[in-house]
Structure formats: C-alpha cells, structure tokens
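Heads up: the structure comes next, in structure tokens.
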Amino acid sequence: SKLAALFEHPLYNTPMPEVTEKDKLFVVNPMEKFSLHSSRSDEWVSSSKAETLPSTGKTAYDTYPTWLKFHVGINRYELYPRRDPLLPILLQDLATQRIVSSVQKTGGTQLKLIMTFPNYGQALFKPMKQTRDQETPADLFYFSDFERHNAEIAAFHLDRILDFRRIPPVSGRLVNITKEIRDITTDKKLAKTFFVSPVGNVCFYGECSYYCSTEHAVCGRPDRLEGSMATLLPDKTLAKRRSWRSPWRRSYHKSKKAEWELNPNYCAKVREMPPYDRGHRLLDLIDMAILDFLMAPPHRNMDRHHYETFEKFGNNTFLLHLDNGRGFGTHSRDELSILAPLQQCCSIKKSTYLRLQLLATQPYRLSDLLREALAADPLAPILAEPHLRALDRRLGKVLAVVARCLAA
C-alpha cells in the first residue's frame, strides 16, 4: 500500500505542538456523562436531569457516539489527528447508519440535505448531479457551475494526503429517495417538490437560489441516488466560527477584474493587513490555494471568496477547507490564477513544500495515492482516470512556481 507507506514517512510523523486545555475546541471531563438532545443542532450538554448515555463500566467518553468523539477531538492545530482510529469508524457510520430525518439545508445556492442518524449525529448530503466523465463547459462562469458529490469525497482524501486535515470526513452513500428522504422528511417545502418522472424515476428539486426547479431535478434510478455524506462540524451555537473575506476573492463581475488581478505587487499590500501581517495565516491561505489548484477549475474554490476559522482560537489556527463540491470539474484545463497567492507572495510552508516534492516522486505519486484512498469508498470509482492524471500535471506546475520563486 503506497498510502500506508506515505503515512509512515518521516514527513508525516513530525511532532505536533502540545495540545493544552485552551487549545481544545471543547474542554470536557472524560469521566462525566453527556446527554444528547434531539434538535436541529448536534447539541450535547452536561445534565444530571436528562437521560444519559448507558455506562459500559469504562469512562463516559467511551460511550460517546463517534461523531461526538470527533467534535471533542478538534483542536487549534487540526480537525483530526494523523493516526485517528475514529476515522474509519466515522466514515463507516456515514455510509451505513440508519437515516431517521432528512430536511433541506437552508441557504446556499444549490440543493443540499441535512440527514440525522439515530445517535443524533448529522451529515450534509449532496446528491449526484453529473456523471464521473462529464466536464464543465469551458464557457461557463465559475459561479454558475454544478456542485459534484464525488468532488466532496475526493477533496477530503486529497486534503488528508496533503497532511492538511482541514476538511471534515466525507463518505459516498447510495440513498433510497423514497424511504430515506421522501417518506421521513418533516420539511414541508421539500416534500412538495417530489414527483415521478415519465420513465418512472423518483425525483425532487427542493428550494434554493440556483438549480432548484423541475428542469434541474435530482432523480433516482428508480429511487436509488448517489450522494456525498459529510460530517457536520459542531453547531455554531456551541462552537462559533468566524468568516473571513479572502484578499484574493474575485469580482463576481463578468468583465470587471479584482485588484489582485491588476497589481503584480498586491501581496505586499496583503502582508500589511491583519491578520496576514503576523503568524502563519498567509501561509495557510497559500496552502488552501494549492489544494484548490490541484482540484481544478471551474469551481467555487476558484473563487474562495470567504473562508472560516473557529472563533475560540483567534488568528492562530488553521483554515477550514469547506464546500469543495465544485472541484474536479475539468481535467483538460489548468487555471493558474488560483495560484495567485503563491505566485505573488513567493512564500510557502517548508513542510508543505517538502511533502509536495515527495508526492511528485514515483513511490509516492499523488495520483496513485488518491486512487488508492478513493478505492475504499462505497461509491468507487470516485474520479475518472483523466482527473487523477491531471493531479500529477498540476503538482508539477505548483513545484515549478516555487522553483521560479527560489531562483528569483
């Protein structure tokens, strides 16, 4: 296994900073039982009056469902550890746990569902809208592209291979539209959008800003539907997140350009702006740009106009790499403008650079590693081969940019 060898490599076994109590998203007493309340959120509270989880004779932590252990494990430096024994269990839960509730996620431009499991865990479901081999038309503006369920799955595994670990775990799943969505939804607006197509397939379209109409309905075969199941982060009422405007956001205008597209010395201005004037925030943003470039345009992340961090950790923490559904839209074109932060700042973390160099070698070829990681997903194959081969080409272009910076 190339993947197992990669995670044994010294570059993937560097020491992590010590995690103190103040570095944890949640500070809990592992001996104290917690009750789970069924609500719109993943609410969990300490309460002697509420019904508690059954004791197994071990610590109360051992009785927590996997999703809650994942939440408790989030800290200033990572969403989950490199060697996380919970990860395969959590991915299995996403793919197999019984779904007891399906409602549409409010907001957003496209159809997404919040699915709840019997242990009050929740996942974000994005339905299949395109086949693996469809490419986004070249003339389509990046903000008009479909979100792809397989891109969410591939993005999680790519993020882990790069050792960022900033994307919540995602698994593919085959869902029964009739039994696991239509028959159990309490969402009246969603319920009104179900219909049977002329060929007998069960379809629905929900309500959203784009692509929620009968012309863009999601249909099963006849009621079986592929989708991605992403672990939800802790509810924002429990763990506030801060949204930051990216300095390299695009103009969202079909002809007007942003300042960074016109000013080659734009990075000097960014370096003087908080929070990029100190710490590793700018380098984290460059990490994110590299991830986005590898996943290919056109997608939302071609214009990651905003990104989020956990508010508790202030400026000294990682960036959450969320909403990756517009990744892997094309394999035949590379959008170098996504690398603008790297090109203009000529800065990169040494650890990131060394890992990228490693992933360009034959024993640890990036495409081979991602292919192996994705082969374990229930919906495999996740990416068409041309997308995997494009990763190696793009990685070469990232390393070429760094080489030019070093030579300058």
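The values are calculated or read from the model by the stated rules, or taken from the named source; none is laboratory data. Since the structure is predicted, the reported quantities are computational estimates derived from the model, not experimental observations. Quick reminder, even Gly has a Cβ in these numbers, built from the backbone with ideal geometry, and neighbours come from all protein chains shown. Calculation scope for accessible area: heavy atoms of the full protein, side chains included, ligands and nucleic acids excluded. Shrake-Rupley method; radii C 1.70, N 1.55, O 1.52, S 1.80 Å.
THR309 - would you say it is touching a residue at least 24 places away in the same chain (Cβ under 8 Å), assigned to a strand (DSSP E or B) and not basic (Lys, Arg)?
Details: touching a residue at least 24 places away in the same chain (Cβ under 8 Å): yes; assigned to a strand (DSSP E or B): yes; not basic (Lys, Arg): yes.
Answer is yes for this residue.
Scan the stretch 385-400 for residues that are among the aliphatic types (A, V, I, L, M) and surrounded by fewer than 17 Cβ atoms within 10 Å (Cβ to Cβ) and jot them down. Don't jump to the end; show me each part of the working.
Filtering the stretch 385-400 down to residues among the aliphatic types (A, V, I, L, M) leaves 388, 390-391, 395, 398-400.
Listed by number, the residues that qualify are LEU399, ALA400.
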- Return the pairs, sorted by first residue and then second, in which the second residue is open to solvent by 50 Å² or more (accessible area, probe 1.4 Å) and assigned to a helix (DSSP H, G or I), the first residue lies in the stretch 88-116 and is more than 14 Å from LEU232 (Cβ to Cβ), the beta carbons are less than 8 Å apart, and the residues are 6+ apart or on different chains. GLN104/LYS189
- Item | Breaking point among (1) surrounded by 19 or more Cβ atoms within 10 Å (Cβ to Cβ); (2) not aliphatic (A, V, I, L, M); (3) not in a helix (DSSP H, G or I), for GLY107 | (1)
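Look at the stretch 189-210 and say how many of its residues are surrounded by 19 or more Cβ atoms within 10 Å (Cβ to Cβ) and part of a loop (DSSP other than H, G, I, E, B). It would help to see each step written out before you state the result.
Filtering the stretch 189-210 for residues surrounded by 19 or more Cβ atoms within 10 Å (Cβ to Cβ) gives 190, 193, 202, 204-206.
With part of a loop (DSSP other than H, G, I, E, B) added as a condition, the list becomes 193, 205-206.
So the answer is 3.
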- Query: Quick one: in the stretch 221-236, which of the residues that are under 11 Å from the mean Cα position of the chain (by Cα) and not in a loop (DSSP other than H, G, I, E, B) is surrounded by the fewest Cβ atoms within 10 Å (Cβ to Cβ)?
  - Reply: THR231
- Query: Restricting the search to the stretch 170-188, which residues are open to solvent by less than 30 Å² (accessible area, probe 1.4 Å), without any contact (Cβ under 8 Å) to a residue 60 or more places away in the chain and not in a helix (DSSP H, G or I)?
  - Reply: ASN176
- Report whether or not SER171 is at pLDDT below 95 and among the small types (Gly, Ala, Ser). no
- Of the residues LEU370, LEU356, LEU379, which single one is within 18 Å of ALA155 (Cβ to Cβ), of a type in the set (A, V, I, L, M) and more than 19 Å from the chain's Cα centre (by Cα)? LEU356
- Item | Residue list for the stretch 318-348, restricted to those being under 19 Å from TYR307 (Cα atoms) and among the charged types (D, E, K, R) | ASP323, ARG326
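Only one of LEU111, LEU79, LEU86 is within 30 Å of GLU18 (Cα to Cα), aliphatic (A, V, I, L, M) and in contact with a Pro (Cβ under 7 Å, 6 or more places away or on another chain); which? Don't jump to the end; show me each part of the working.
Working: LEU111 fails: within 30 Å of GLU18 (Cα to Cα); LEU86 fails: in contact with a Pro (Cβ under 7 Å, 6 or more places away or on another chain).
LEU79 is the lone residue from the list that is within 30 Å of GLU18 (Cα to Cα), aliphatic (A, V, I, L, M) and in contact with a Pro (Cβ under 7 Å, 6 or more places away or on another chain).
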- Message: Which residue is farthest from LEU383 (Cα to Cα), if the candidates are limited to the stretch 315-334 and must be of a type in the set (Ser, Thr, Tyr) and surrounded by 20 or more Cβ atoms within 10 Å (Cβ to Cβ)?
- Response: THR317
- Message: Name the residue that is least open to solvent (accessible area, probe 1.4 Å), counting only residues in the stretch 211-220 that are in contact (Cβ under 8 Å) with a residue 60 or more places away in the chain and part of a loop (DSSP other than H, G, I, E, B).
- Response: CYS212
- Query: What's the number of the condition THR330 fails, among (1) polar (S, T, N, Q); (2) out of contact with any Ser or Thr (no Cβ under 9 Å at 6 or more places or on another chain); (3) farther than 30 Å from HIS9 by Cβ?
  - Reply: (2)
